[in-house]
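Note sheet for the following structure.
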There are 2 protein chains.
Amino acid sequence: MRTYFDCIPCFVRQVLDSVRLTTDDEDIQEQVMRQALCLACKMDLRQSPPAMAQKIHRIIRELTGEQDPYLQIKNRFNKLALEMYPELKEQVEASADPLETAVRLAIAGNIIDFGVDCVLEESRVEKIITESLTAALDMNALEEFKSATAQSKNILYLGDNAGEIVFDRLLIEQLPCEDITFVVKSGPVINDATMEDAEIVGLTDIVTVIDNGSDAPGTILESCSKEFRRRFSEVDLVIAKGQGNYETLSDTDKDAFFILRAKCPVIARHLGCEVGSMVLVKNEIEVCNEEN
Amino acid sequence: MRTYFDCIPCFVRQVLDSVRLTTDDEDIQEQVMRQALCLACKMDLRQSPPAMAQKIHRIIRELTGEQDPYLQIKNRFNKLALEMYPELKEQVEASADPLETAVRLAIAGNIIDFGVDCVLEESRVEKIITESLTAALDMNALEEFKSATAQSKNILYLGDNAGEIVFDRLLIEQLPCEDITFVVKSGPVINDATMEDAEIVGLTDIVTVIDNGSDAPGTILESCSKEFRRRFSEVDLVIAKGQGNYETLSDTDKDAFFILRAKCPVIARHLGCEVGSMVLVKNEIEVCNEEN
């Protein structure tokens, strides 16, 4: 997905939220804002929004000297989600369709996204979880998802945010595939999950976890390691979690499912849904028509 | 008032709203966005927000070739307000305190501000008018305002937006001062009122109307004509209407009252009120303490 004009004011707001979270020093805040605006005025709109976000968050880390500004937030939401985990796990297993319930919860967990909203209260997470159990979900896509995950020899599950990955764990535990690899970012960017988060929430105990070699808040293949790209190209099925992975992989020709909560108007428009919708969608692979 | 960091994402959003209103040509939209971002990255934050807006709207007019992008909007709201005028005039005159009612309506009219909100429905204007009649208003400031307008030999009333100036007319008709000069912008910028609007709504029939020599959406004295600056310095009392005039004149040492609706968080914080508040406030003139 390319970057739309509407993404630009949102970038600028994100930079401000993020730099304020990182430092109280107004001189540094101003330097970051100016550099981000300077970047924005030259940005390549054909690239996906996370390409710009990757550059901006590098600037923030560089100018503030703070390598992991969202560390406390990541820990807070890992802890919150882990506290919820036992009850949610019971809820999944007691439900009429555990895989469906787990998909719903994985979507709910995508609310923990500090790129979109720099203020997220625990009570909002709880509210979204409750709503997710009955909110509209594309049941045809769910059937396709069940079938694809059962038929795939191996799956690459691209994680999104810390805290949220506990909800991914609930889904992974229900997937009918033995060979699942979970993917985290190789370095801190916003509240995206890294290897440390995967360890904290116990994902490393149940599946193979690898990092993608990149610090982009999404999966920009050119920014990822050669090793990751090889696994991505060889795997049977990709499950891509969250907005950043949708934005960066919506044009991929891999068999992929996107699982997310549509949290901004640009994504919602691109997906043809309302802001706040629960999204489980199969990648539309364009079939070349030989006559054209 | 200086430009705050929070103004920057808002500028960028304003540019996008404004250029979309002006042209459907995405190439021009992109050029405008890039030039505005480039300007923003070098902006002098000590200047007031309208200084930046003035530059941005010049770029929009230059790159689109459209000299008055908000002309239709201005005409639409002049017409709407003129249709409301007879009933509102009756309401003012039948009220227990006509001057207070007129102040309330003048504040309500400040909702017609396309710098803040590019989508404004007629029904919202009606709702705000109704609310304004009973909403909280600083009654001490009102008493001071009554007294100051009665004691001033002459008043300079700095207008804000088209449509809104009909509400200013209601207030001017109640002011106990014979010598009132109403001020409009010398050229189109956003939906700010120009001489044409003053003529359309009949302000030119009841008071002297002058332009300030500037196309800034506020009153940046250095950007105004020498003639306007002379009148500004000589006048007994200034009534400055709307956010733009507050942002540009909040530090003036003239006797002045600001009349506006606080429509953005930055202004509200600066004024120490909530967003949506009705504001009638006397300029706080700093008295130099000779001992310091």
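All of the numbers you see were taken from the coordinates with simple rules; none came from a lab. Remember, predicted model here, so these are calculated numbers, not experimental data. Cβ coordinates were reconstructed from backbone atoms using ideal geometry, including for glycine residues, and neighbour counts include every protein chain displayed.
Below, the figures for the structure above:
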item: Cα pair distances exceeding 35 angstrom across chain B, given as percent; result: 14
item: Helical mean residue ellipticity (222 nm; -39500 (n - 2.57) per DSSP H run of 4+; nearest 500) of chain B; result: -16000 deg cm²/dmol
item: Projected-area average for the range B:7-64 over all orientations - Cα convex hull basis, square nanometres; result: 3.4
item: Convex hull volume per residue for the range B:112-213, taking Cα atoms only, in Å³; result: 113
item: Simple Cβ-charge dipole of the protein assembly as shown, Lys/Arg +1 and Asp/Glu -1, about Cα centre, in debye nearest 20; result: 820
item: Amide H within-cut-off set for A:Asn161, under 5 Å, with H built and near neighbours excluded; result: A:Ala193
item: Two-site FRET efficiency, A:Cys38 against A:Asp97, from Cβ-Cβ distance with R₀ of 56 Å, rounded to 0.05; result: 0.65
item: Two-site label geometry, A:Arg124 and A:Arg231: point separation in nm, points 7 Å out along Cα→Cβ; result: 3.2
item: Length released on extending from B:Ile206 to B:Gln67, taking residue separation times 0.36 nm less the Cα-Cα span; result: 47.2 nm
item: The range B:180-292 shape via C-alpha gyration tensor axes, a/c threshold 1.5; result: oblate
item: Highest-MSF residue in chain A out of A:Ser152, A:Ser123, A:Ser225 [GNM, Cα springs under 10 Å]; result: A:Ser123
item: Full-stretch length increase - B:Glu143, B:Glu83 - with 0.36 nm per residue and alpha-carbon distance subtracted; result: 18.6 nm
item: Computed label-point distance, nm, for sites A:Arg58 and A:Asp117 using a 7 Å Cα→Cβ extension; result: 3.1
item: Selection from B:Phe232, B:Ile180, B:Thr248 lying farthest towards where the dipole of chain B points positive, charges on Cβ; result: B:Thr248
item: Per-residue mean of C-beta atoms belonging to partner chains within 10 Å, peptide A:6-16; result: 5
item: Ordering of A:134-141, B:44-51 by packing [mean C-beta count within 10 Å, highest first]; result: B:44-51, A:134-141
item: Net length gained if the chain between B:Asp6 and B:Glu178 were fully extended (0.36 nm per residue, minus Cα distance); result: 57.8 nm
item: 10 Å Cβ neighbours from other chains, averaged over peptide B:35-45; result: 5
item: For B:Arg230, label point 7 Å along C-beta direction: distances to other copies, nm; result: 8.2
item: Per-copy distances of the A:Asp251 label point, shortest first, in nm (7 angstrom along Cα→Cβ); result: 4.7
item: Per-peptide average of other Cβ atoms within 10 Å, ordering B:259-268, B:153-162, B:90-99, A:163-172 highest first; result: A:163-172, B:153-162, B:259-268, B:90-99
item: Part-to-part distance (alpha-carbon centres) for the range A:67-106 and the range B:147-190, which is given in Å; result: 60
item: Computed label-point distance, nm, for sites B:Arg46 and A:Asp24 using a 7 Å Cα→Cβ extension; result: 2.6
item: Signed unit charges on C-beta, dipole axis of chain A, positive-most listed residue A:Ala198, A:Val266, A:Val92; result: A:Val266
item: Projected area, mean over directions - the protein assembly as shown, Cα convex hull, nm²; result: 32.3
item: Reachable lysines from B:Lys226, criterion Cα separation under 23 angstrom, eight or more residues apart if same chain; result: B:Lys55, B:Lys153, B:Lys185, B:Lys241, B:Lys254
item: Only Lys, Arg (+1) and Asp, Glu (-1) charged, at Cβ; the range A:6-114 dipole about Cα centre in debye; result: 400
item: Nearest-20 debye value, chain B charge dipole, Cβ charges on Lys, Arg, Asp, Glu; result: 560
item: Chain A: most fluctuating residue of A:Cys38, A:Cys224, A:Cys177 per GNM, C-alpha cutoff 10 Å; result: A:Cys38
item: Max mean-square fluctuation residue, GNM over chain B, Cα-Cα springs under 10 Å, options B:Arg58, B:Arg13, B:Arg269; result: B:Arg269
item: Built amide H within the under 5 Å cut-off of A:Val209, gap 5+; result: A:Phe182
